[in-house]
Amino acid sequence: MEFTELLGKRRSIRDFTDKKIDGQILRRITQAAMSAPSAGNLQCYKIYFVNSEKAREGMPLATDFQDCVSKAAMLVVFTADQKRAEAKYGERGVEFYATQDATIACAYFQLAAEGEGLGSVWVGGFDPLEVSRLINV
């Protein structure tokens, strides 16, 4: 599929199946995310793949009642690694670069997922402390 066609096809999906994601496909999508540009090529983010039923059941409350997240085959959480960014860039790394790196990687992940025929949805409304607790971070 041509890139501009891929961009036009990507939509936020909120109705998921419970079909498991093939490991090879997940690796390709993750590699695409890791190819995203980042400040100083530090990749100041971490990617968590969440499969636990406990986390899945708690996510709607942690995400402002976006119930669709509990029905996805897998939850993927991107976190900014502020300490890593701070080591090289100081306060600007903490306040800007780490979040930017995680955001760009997540966008690449979503585009790669679409290219593999998988749907996704960006969840911007969430309680960071509650999500952290649910995924043991």
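The values are calculated or read from the model by the stated rules, or taken from the named source; none is laboratory data. Given the structure is predicted, the values throughout are model-derived calculations rather than measurements. Using ideal geometry, Cβ is built from the backbone for each residue, glycine included, and neighbour counts are taken over all protein chains shown. The accessibility values were calculated without ligands, DNA or RNA, using every heavy atom of the protein model including side chains. Shrake-Rupley method; radii C 1.70, N 1.55, O 1.52, S 1.80 Å.
Per residue, the accessible area of the range 28-137 comes to 55 Å² when a 1.4 Å probe rolls over the protein heavy atoms.
Surface composition of the chain: carbon and sulfur atoms hold 53% of the protein heavy-atom accessible area at a 1.4 Å probe.
Dipole check for the chain: with +1 at the C-beta of Lys and Arg, -1 at the C-beta of Asp and Glu, and the Cα centre as origin, the magnitude is about 300 Debye.
The equivalent ellipsoid of the chain has semi-axes of 24, 21, 13 Å, largest first, where each one is the square root of 5 times an eigenvalue of the Cα gyration tensor.
Each residue of the range 87-103 is assigned a 3J(HN,Hα), and the resulting list reads 4, 9, 10, x, 4, 4, x, 5, 7, 9, 4, 4, 5, 4, 4, 5, 5 Hz, derived from the Karplus form 6.51 cos²θ - 1.76 cosθ + 1.60 (θ = phi - 60°), x at Gly and Pro.
The residues packed around THR103, meaning those with a beta-carbon under 15 Å from its beta-carbon, carry a net charge of -2 if Lys and Arg are +1 and Asp and Glu are -1.
With a ≥ b ≥ c the root eigenvalues of the C-alpha gyration tensor of the range 70-137, is it rounded (a/c under 1.5), prolate (a/b larger than b/c) or oblate? Note, shape of the range 70-137 comes out oblate.
What is the sum of charges, Lys and Arg at +1 and Asp and Glu at -1, for the other residues whose Cβ falls under 15 Å from the Cβ of ARG27? For residues surrounding ARG27, the net value is 0.
Heavy-atom accessible area for ASP67, with the other protein chains in place and a 1.4 Å probe, reaches approximately 80 Å². Once you reduce the range 93-121 and the range 1-35 to the center of their Cα atoms, the two points are 11 Å from each other.
Selection among GLY90, MET34, PRO60 by position relative to the dipole of the range 25-109 gives MET34 as farthest towards the positive end (Cβ unit charges, Cα centre).
Normalising the average separation of contacting C-alpha pairs (under 8 angstrom, six or more residues apart) by the number of residues puts the relative contact order of the range 14-131 at 36 percent. Loop-located chymotrypsin sites (Phe, Trp or Tyr not before Pro) in the range 1-74 (DSSP state other than H, G, I, E, B) with a sparse environment of at most 16 neighbouring Cβ atoms within 10 Å: PHE65. Taking Lys and Arg as +1 and Asp and Glu as -1, the other residues whose beta-carbon sits under 14 Å from that of GLN43 total +2.
Of the GluC sites (Glu not before Pro) in the range 3-59, which ones lie in a loop per DSSP and count no more than 13 other C-beta atoms within 10 Å? Passing both the DSSP loop test and the Cβ count: no residue.
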